[in-house]
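The next block holds one structure in the form of structure tokens; read it before the comments.
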Ligand code: JFZ
């Protein structure tokens, strides 16, 4: 518990620092761009180029995050003790010495891994892209790396490259593939960074002298060569690079070395966690949905399906299909993407409880997907909730209290209303719709039978059947003209 609190405190401090930095930069006049040692694609492209580059990602809305690595073997337990915190952090949280952690590799033989099945599951869920951990903070590469031998091909009996297999299947099945890469934290490479947990009180936050070394040599002998490998070994993939947890070590000059590599792949999308003052393409709210989205920025909420990213055998705290679907709809209504995580086990299998939930989400999307994919945000707003006049967040700001009656998404000539709470009144009432409503029907009604409309003054009443067509969310479609 303590460890978790300290971790959160670290995050809050880091967030506060990076926010004030971002505000400082935005307060500069527009004519004076942010100075980066190497300009990134975002610094140089036109708005139209940016829209073209981001198009598939904005349309896709829903992706699969996969946290998979050696940590799936201990699965949350070390030396017979259940280690609190997220599963992929077990090495840090339990202060596992480097040699002991590395000894997991010869035991890693995920023979039940099937790229075909995982990509098929993502497709069945209605996901349009996936992002897998190529290397997490533990430093173990889940791909064929010549740059560093602590990897799944060279150091395990498995000897296969799951990223290559996923790339092949994604190609076959029409799925986009991205790679997560921990560019700064690396707990097994000498010189790699570490966030502080527990009593890791030295300046480096290391807990084993084998971790000590020079950050630049880590960057030049491991991180940068591996990023190069990831960018060149898999043909058209990755289409996304998902960086994580930059520390003070990731200075603008060091980040610029990575940007030089990224710039050679002009269609690539990368997130805001590179560090060194680079903002990347996407905001990455983690485990929450921003009440108003991020106006003017592309964004993606990443969330766990239980309470861990990397597999923990005893984490059965699974979110309901209702919660997961509401999250997807809520995010879409605010203009963001949902990156929903799964954690394969040490055999390479996505836990059944996770797969079942994804299948259910996919069933809803098969009927109602047109309200989500390529949709625009709500034209309303207050339906999402309101700031509490009394309750406060930790930082002292008013707390946002979500409301779960309905959400709305939009297309050029349609307003979608995703109804969670079926109105007892027998009709859906809209005050001052922003466009003229010409007709209405329910997306889950196979015949799209027009619903009775009553326009009175500046409000519209749509007659609804007595019962919802879908117990989680029934989509009302309003055909509109301006
Ligand atoms: C980061 C990773 O650390 C985490 O393992 C996962 O990959 C997630 C998607 O991204 O999130 C964090 C970052 C910092 C802390 C916890 C999770 N922390 O300091 O406790």
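The values are calculated or read from the model by the stated rules, or taken from the named source; none is laboratory data. Bear in mind that the values here come from a model prediction, so they are computed numbers and not experimental data. Counting neighbours? That spans all protein chains shown, and the Cβs are built from the backbone with ideal geometry, glycine included.
Computed quantities for the displayed model
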| item | result |
| --- | --- |
| Matching residues in region 166-191 - criterion: being part of a helix (DSSP H, G or I) and either over 22 Å from the mean Cα position of the chain (by Cα) or more than 27 Å from residue 55 (Cα to Cα) (or both) | 168, 172 |
| Selection count where residues are surrounded by 11 or more Cβ atoms within 10 Å (Cβ to Cβ) and assigned to a loop (DSSP other than H, G, I, E, B), scope region 451-470 | 6 |
| Selected residue (criterion: nearest to the ligand (Cβ to nearest atom)) from residues of region 189-199 that are farther than 20 Å from residue 310 by Cβ and touching a helix residue (DSSP H, G or I) at 6+ places or on another chain (Cβ under 8 Å) | 191 |
| Some residue of region 362-374 being closer than 30 Å to residue 108 by Cα and in the same structural domain as residue 58 (by TED's automatic domain parsing) | no |
| Some residue of region 161-177 being closer than 24 Å to residue 228 by Cα, within 16 Å of the ligand (Cβ to nearest atom) and touching a residue at least 12 places away in the same chain (Cβ under 8 Å) | no |
| Enumeration of residues in region 436-447 that are in contact with a strand residue (DSSP E or B) (Cβ under 9 Å, 6 or more places away or on another chain) and without any contact (Cβ under 8 Å) to a residue 24 or more places away in the chain | 447 |
| Wholly within region 67-136, helices (runs of 4 or more DSSP H) carrying at least 3 residues that are within 28 Å of residue 184 (Cα to Cα) and within 16 Å of the ligand (Cβ to nearest atom) | 90-93 |
| Residue list for region 315-346, filter: within 10 Å of residue 87 (Cβ to Cβ) and in contact with a strand residue (DSSP E or B) (Cβ under 9 Å, 6 or more places away or on another chain) | 343 |
| Selection count where residues are more than 16 Å from the ligand (Cβ to nearest atom), free of Cβ contacts under 8 Å to residues at least 60 places away in the same chain and within 29 Å of residue 349 (Cα to Cα), scope region 272-318 | 3 |
| Residue identified as more than 14 Å from the chain's Cα centre (by Cα), within 16 Å of the ligand (Cβ to nearest atom) and surrounded by fewer than 21 Cβ atoms within 10 Å (Cβ to Cβ) among 263, 267, 249 | 249 |
| Of the criteria (1) closer than 17 Å to residue 365 by Cβ; (2) in a loop (DSSP other than H, G, I, E, B); (3) more than 27 Å from the chain's Cα centre (by Cα), which one residue 477 fails | (2) |
| Residue 139 being within 16 Å of the ligand (Cβ to nearest atom), within 20 Å of residue 229 (Cα to Cα) and at pLDDT 95 or above | yes |
| Region 326-342 residues that are modelled with pLDDT of 95 or more, paired with ones that are part of a helix (DSSP H, G or I) (beta carbon under 6 Å, 6 or more apart) | 338/328; 338/331; 342/354 |
| Top-ranked residue in region 332-353 [being more than 16 Å from the ligand (Cβ to nearest atom) and not in a loop (DSSP other than H, G, I, E, B); ranked as surrounded by the fewest Cβ atoms within 10 Å (Cβ to Cβ)] | 352 |
| Qualifying residue in region 298-307 (condition: outside any strand (DSSP E or B), over 15 Å from the mean Cα position of the chain (by Cα) and surrounded by 18 or more Cβ atoms within 10 Å (Cβ to Cβ)) | no |
| Index of the failed condition, residue 443 passing every other in (1) over 14 Å from residue 418 (Cβ atoms); (2) in contact with a helix residue (DSSP H, G or I) (Cβ under 6 Å, 6 or more places away or on another chain) | (1) |
| Selected residue (only one of 208, 212, 216, 186 is within 16 Å of the ligand (Cβ to nearest atom) and either assigned by TED's automatic domain parsing to the domain that holds residue 241 or surrounded by fewer than 23 Cβ atoms within 10 Å (Cβ to Cβ) (or both)) | 186 |
| Residue check, residue 404 within 21 Å of residue 471 (Cα to Cα), touching a helix residue (DSSP H, G or I) at 6+ places or on another chain (Cβ under 7 Å) and at pLDDT 95 or above | yes |
